[in-house]
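**Student:** Below is a structure I'd like to ask you about.
The values are calculated or read from the model by the stated rules, or taken from the named source; none is laboratory data. Fair warning: this is a prediction, and the values are worked out from it, not measured in the lab. Using ideal geometry, Cβ is built from the backbone for each residue, glycine included, and neighbour counts are taken over all protein chains shown.
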Amino acid sequence: MTTGTYQKFVKRWEEVTDLPPQTLGPLTPYYKALTRRLKVMPWPLLVIFSLLVVVGLYVLLGSAVTLIVSLLQRGF
Amino acid sequence: MGTSLVLWGIAFSRNFIGLLTRPYETSRRIVDHGKPGELIFVAIVLACYFALASLVRVASFRPFLLTREFIELVFATSTTYGLAVLLFWSAGQLVGAHGKQKGLAIMWGYTLIPTLVWFLATSLLYVILPPPRTTSTQGVVFSLLFLLFSGVLFFWKATLAYLTLRFGLRLSLTKILIVLAVSLPVLGAYSIGMYRIGIFRIPFL
């Protein structure tokens, strides 16, 4: 490995290891499984989260969700 | 200056695509290597949106009113941005953050992209399909799709905000939650103030 490449590697290594990995005790494997999917191309997971919220709101409020949307549409 | 603008433009485009496809890695890169000049492009897009929003809100071609509306929006958004960065930074110092203020400020600037997309889409929809929504099948279906769209952007924004605090302040999840618990009530009170004076009904954070 050339000195330049090695120095780049060391610099990158220091950047990556500067922040200790996040742990959550017994929940760490679940946290890791979730964040792994959010790190690269998170859109499918974001759509699933959003879909769950929308379905929840519809089950809870029924057609009254239109009131929320009317309020949001005036929110800009 | 010209060369710098091109370089900042390329970096901005690269980071924008990165935040869509690889938010974690891109956020880390923005915080460590981002340049304040990249935010010029965020500012240009924001200015275009404010011009459009002024037209929609004033709903008539009166240059004085349009200019006043535009200046109000620019001033309110700049103040909100500055306040958010300052709050996160100060709250971070309380829990022992050791990040860089510059990196935090640049990354928070990038997190305005989902906000901008939502506000832009909502303004356009306000013109195309003005509220109120009815409880007919079409009204409910539109409402569900609008909520789905809003939810996706909200979760994208939340992810980017988390990554901003994680890399910008170098904090653990627990400390990020403390920073949010300190900052959000202040930002909430500020947003209520903005609502009362009629600038933003939904905070442009």
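**Student:** Can you find, within segment B:66-100, the residue that is surrounded by the fewest Cβ atoms within 10 Å (Cβ to Cβ) among those that are in a loop (DSSP other than H, G, I, E, B) and not small (G, A, S)? Spell out the reasoning first.
**Tutor:** From segment B:66-100, those in a loop (DSSP other than H, G, I, E, B) are B:95-100; that's our starting set.
From the residues that got through so far, the ones that are not small (G, A, S) too are B:95, B:98, B:100.
Numbers: B:V95: 16, B:H98: 10, B:K100: 16.
My answer is B:H98.
**Student:** So, one more: Identify the single condition in (1) surrounded by 20 or more Cβ atoms within 10 Å (Cβ to Cβ); (2) at the interface with another protein chain (Cβ under 10 Å from one of its Cβ atoms); (3) more than 15 Å from the chain's Cα centre (by Cα) that B:S172 does not satisfy, given that it satisfies every other one.
**Tutor:** Of (1) surrounded by 20 or more Cβ atoms within 10 Å (Cβ to Cβ); (2) at the interface with another protein chain (Cβ under 10 Å from one of its Cβ atoms); (3) more than 15 Å from the chain's Cα centre (by Cα), only one is false for B:S172: (1).
**Student:** Filter segment B:2-40 down to the residues that are more than 14 Å from chain A (Cβ to nearest Cβ) and not in a helix (DSSP H, G or I) and list them by number.
**Tutor:** Kept after step one, since they are more than 14 Å from chain A (Cβ to nearest Cβ), are these residues of segment B:2-40: B:2-16, B:35-40.
Scanning segment B:2-40 gives a single hit, B:K35.
**Student:** For B:F41, work out the one condition from (1) closer than 27 Å to B:S123 by Cα; (2) surrounded by fewer than 16 Cβ atoms within 10 Å (Cβ to Cβ) it doesn't fulfil.
**Tutor:** For B:F41, the exception is condition (2).
**Student:** Name the single residue, out of those in segment B:133-163 being at the interface with chain A (Cβ under 7 Å from one of its Cβ atoms) and small (G, A, S), that is surrounded by the most Cβ atoms within 10 Å (Cβ to Cβ). Talk me through it step by step, then tell me what you get.
**Tutor:** First, the residues of segment B:133-163 that are at the interface with chain A (Cβ under 7 Å from one of its Cβ atoms): B:133-135, B:139-140, B:143-144, B:146-148, B:150-152, B:155-156, B:159.
Going one step further and asking which of them are small (G, A, S), we end up with B:139, B:143, B:150-151.
On the way: B:G139: 18, B:S143: 26, B:S150: 21, B:G151: 19.
For segment B:133-163, the residue satisfying everything is B:S143.
**Student:** How about segment A:1-58: which of its residues are in a helix (DSSP H, G or I), within 7 Å of chain B (Cβ to nearest Cβ) and modelled with pLDDT of 90 or more?
**Tutor:** Quick first cut of segment A:1-58, residues in a helix (DSSP H, G or I) only: A:3-17, A:25-39, A:43-58.
Now drop any that are not within 7 Å of chain B (Cβ to nearest Cβ), which leaves A:15, A:38-39, A:46-47, A:49-51, A:53-54, A:57-58.
The answer is A:L38, A:K39, A:L46, A:V47, A:F49, A:S50, A:L51, A:V53, A:V54, A:L57, A:Y58.
**Student:** Being away from chain A (no Cβ under 11 Å), among the hydroxyl-bearing types (S, T, Y) and not in a helix (DSSP H, G or I): is that true of B:S60 here? Spell out the reasoning first.
**Tutor:** On the way: away from chain A (no Cβ under 11 Å): yes; among the hydroxyl-bearing types (S, T, Y): yes; not in a helix (DSSP H, G or I): yes.
Spelling it out, B:S60 is indeed away from chain A (no Cβ under 11 Å), among the hydroxyl-bearing types (S, T, Y) and not in a helix (DSSP H, G or I).
**Student:** Which residue is farthest from B:H98 (Cα to Cα), if the candidates are limited to segment B:175-205 and must be surrounded by fewer than 19 Cβ atoms within 10 Å (Cβ to Cβ) and among the aromatic types (F, W, Y)?
**Tutor:** This residue is B:Y195.
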